[in-house]
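As structure tokens, the structure follows; a few thoughts come after it.
The values are calculated or read from the model by the stated rules, or taken from the named source; none is laboratory data. This is a predicted model, so every value here is computed, not measured. Positions of Cβ are backbone-derived with ideal geometry, glycine not excepted, and every protein chain shown enters the neighbour counts. Note: areas computed on protein heavy atoms with side chains; ligands, DNA, RNA excluded. Shrake-Rupley method; radii C 1.70, N 1.55, O 1.52, S 1.80 Å.
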Amino acid sequence: ACASVPMTGLKEDQEAKEFKAPEGKSRIYIYRDEYFGGAIKVTVTADGKLVGQSAPKTYFVVDVPPGAHKVACQAEFNSEVTLNTKAGEIAYVWQEMKMGM
């Protein structure tokens, strides 16, 4: 069975897929585009604040001020990345599930 998570509405999904950062901000897309590890939800934080839990074929959009930002994912193992963004810039963080210890 695959994990399920709350999803946004169609309007918000369409707006997010315009791939535009708000004026004076940066936009970070955090996405999981595979079915591997489908039963596992991954907790996602940005700058220490909960964004949500990802499931297969889901994504999040986080709008932030320009500067350094830490995106972290917690599941069986924890992972994090620091991004330095600029106003108007779009950044992407790809979540990939791996098999093993």
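When shorter helices are ignored and each DSSP H run of at least 4 residues is given -39500 (n - 2.57), the per-residue value for the chain at 222 nm works out to -1500 deg cm²/dmol. Checking the a/c ratio against 1.5 first, then a/b against b/c, what shape does the Cα gyration tensor give for the chain? Judged from the Cα gyration tensor, the chain comes out oblate (a/c at least 1.5, b/c at or above a/b).
Computing the accessible area with a 1.4 Å probe over protein heavy atoms, can you report the carbon and sulfur percentage for segment 9-101? About 54 percent, which is the carbon plus sulfur part of the accessible surface. When the GluC sites (Glu not before Pro) in segment 63-101 are filtered for DSSP coil states and for at most 15 other beta-carbon atoms within 10 Å of their beta-carbon, the remaining sites are E76, E89, E96.
Entry comment: accessible area of the chain is 66 Å² per residue, from protein heavy atoms only and a probe of 1.4 Å.
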